[in-house]
Amino acid sequence: VAVLGPMGLAVDRWSLAWWIHLAIGLAVGLLLLPLVTDSVRLWRRRSPPEPLAERGPGVWAKRLWAEPVTENPAAGATEIWEIYNATVDGHPIHVHEVAFEVLNRQPIFVDEVTQEVQVVPGSVPVPPEPWETGFKDTVIAYPGQVTRVKAQFNTPGQYVWHCHIVEHEDNEMMRPYRIGPVQPGQPT
């Protein structure tokens, strides 16, 4: 049985089912997108890092694109950035203007009541995947894990780090960062 599909093309009932499934998936995805993009956060720390046990839990705080810069490494600094992903999806996180090394990953726990996030007690960091050796500018932040990357920030200026899924980037899963002091003409 053929029916009219998109652009007036005849499609069989299985193709129609596929289009309906796609439409429902997109509708649900767009409704959930603000929840998804709210759940990937970055904590940064300078090298050498303090032991995780000394830091304790962090507070889950929403950060929007237009808010002031919160990541501001000094020119020439080497830092370890921790990217926390509390979603059920992997996010390809891209950091502009630096090449970094993937150090490891570790499971995290988010207390929804207190909005605290911490590494699962007693868990052990897992080394990067075999294809993640060498220098990268994008890393997949796996669901329910903290991904740690080490970068040297050499070029002063204002840049961005963001999810490389365009719909996420367009819905606030993107933040500015600055290397060094504010330069003339840069937003603060």
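Of all residues in the stretch 61-92, those being under 15 Å from residue 141 (Cβ atoms) and surrounded by 14 or more Cβ atoms within 10 Å (Cβ to Cβ) number 11.
Considering 143, 107, 121, which residue is more than 27 Å from residue 74 (Cα to Cα) and modelled with pLDDT of 95 or more? It would help to see each step written out before you state the result.
Details: 143 fails: modelled with pLDDT of 95 or more; 121 fails: modelled with pLDDT of 95 or more.
Going through 143, 107, 121 in turn, the sole match is 107.
Looking across the stretch 135-165, just one residue is more than 19 Å from residue 82 (Cα to Cα) and within 12 Å of the chain's Cα centre (by Cα), and that is 165.
Among the residues of the stretch 70-85, the ones that are of a type in the set (D, E, K, R) and not in a loop (DSSP other than H, G, I, E, B) come to 2 in all. Output yes when any residue across the stretch 93-110 is touching a residue at least 60 places away in the same chain (Cβ under 8 Å) and touching a helix residue (DSSP H, G or I) at 6+ places or on another chain (Cβ under 7 Å), and no when none is. No, there is no match, as no residue in the stretch 93-110 is touching a residue at least 60 places away in the same chain (Cβ under 8 Å) and touching a helix residue (DSSP H, G or I) at 6+ places or on another chain (Cβ under 7 Å).
The values are calculated or read from the model by the stated rules, or taken from the named source; none is laboratory data. On a predicted model such as this, the values are computed, not experimentally measured, just so you know. Cβ: placed from backbone, ideal geometry, glycine included. Neighbour counts: every protein chain shown.
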